[in-house]
């Protein structure tokens, strides 16, 4: 029997090797006739006009609203994901509506009268299907509107370079500062750090760390994280947020509010802007 060779996907550090017709662990990238393609292009599972602070972004057009669009799939597998119904889904597991980049850009412009400043690519991992982000963001920019990316940052730099010229702001999940924790989540800390360093040179960046009890809630780890962020740019805002039971961690207790405040104070010794969330 002839052995079929696969193609290595280059989008994220998982580098899935995909045979013809096979889909990667993200549920988005597929080998179609010898090419790695995204199967969620223009397939939106969520679309709503959100306050910009919900992304969260605290120092980018505060008080404005932004049209927020999401699809399905993610290259990480966080057991606490609040959007797991779509992030852990494939195209056969969820409902979606198909739109073109121009249709989404036109809708964003139509919402300008409601305080909309552009489009946020969010809810699932948007860069798993970066082609739609790139194509839409280019049109949004031509309309004089803003592009926001909400991402786990666990993506290779050539993919970031595809979209970065059109992105005005990002919120990047920095899920902790231990390689072992990232391994549990199916990610890679060094990849995320490189992503943050590059993004911070070209657009407004804010970071979010969700504090999960007994996983990334030590003061020492937060101090190490904050020192590193400050070495990149001390003006980068950090959101320290409270975990609530979700998905495969539904049996866990929420993070204590005092723990979130304690870690906020630890980070504030090194960073100019530290905010708490979900408290």
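Derivation of every value follows stated rules applied to the coordinates shown; laboratory data play no part. Every value quoted in this text rests on a predicted model; they were computed, and no experiment measured them. Every residue, glycine among them, receives a Cβ derived from its backbone with ideal geometry; neighbour counts consider all protein chains shown.
Looking at the stretch 142-155, which of its residues are closer than 18 Å to residue 122 by Cα and part of a loop (DSSP other than H, G, I, E, B)? Of everything in the stretch 142-155, those that are closer than 18 Å to residue 122 by Cα and part of a loop (DSSP other than H, G, I, E, B) turn out to be 145, 152, 153, 154, 155.
Could you please let me know if residue 137 is surrounded by 18 or more Cβ atoms within 10 Å (Cβ to Cβ), within 19 Å of the chain's Cα centre (by Cα) and assigned to a helix (DSSP H, G or I)?
yes
Filtering the stretch 11-36 to residues that are in contact with a helix residue (DSSP H, G or I) (Cβ under 9 Å, 6 or more places away or on another chain) and either at positive phi or surrounded by fewer than 14 Cβ atoms within 10 Å (Cβ to Cβ) (or both) leaves only 27. A single member of 230, 226 is surrounded by 20 or more Cβ atoms within 10 Å (Cβ to Cβ), out of contact with any strand residue (DSSP E or B) (no Cβ under 6 Å at 6 or more places or on another chain) and under 28 Å from residue 146 (Cβ atoms), and it is 226. Residues that are touching a residue at least 12 places away in the same chain (Cβ under 8 Å), out of contact with any helix residue (DSSP H, G or I) (no Cβ under 7 Å at 6 or more places or on another chain) and more than 17 Å from residue 56 (Cβ to Cβ) within the stretch 247-260 comprise 248, 249, 252, 253, 254, 256, 257, 259, listed in sequence order.
Among the conditions (1) touching a residue at least 24 places away in the same chain (Cβ under 8 Å); (2) surrounded by 18 or more Cβ atoms within 10 Å (Cβ to Cβ), residue 47 misses just one, which is (2).
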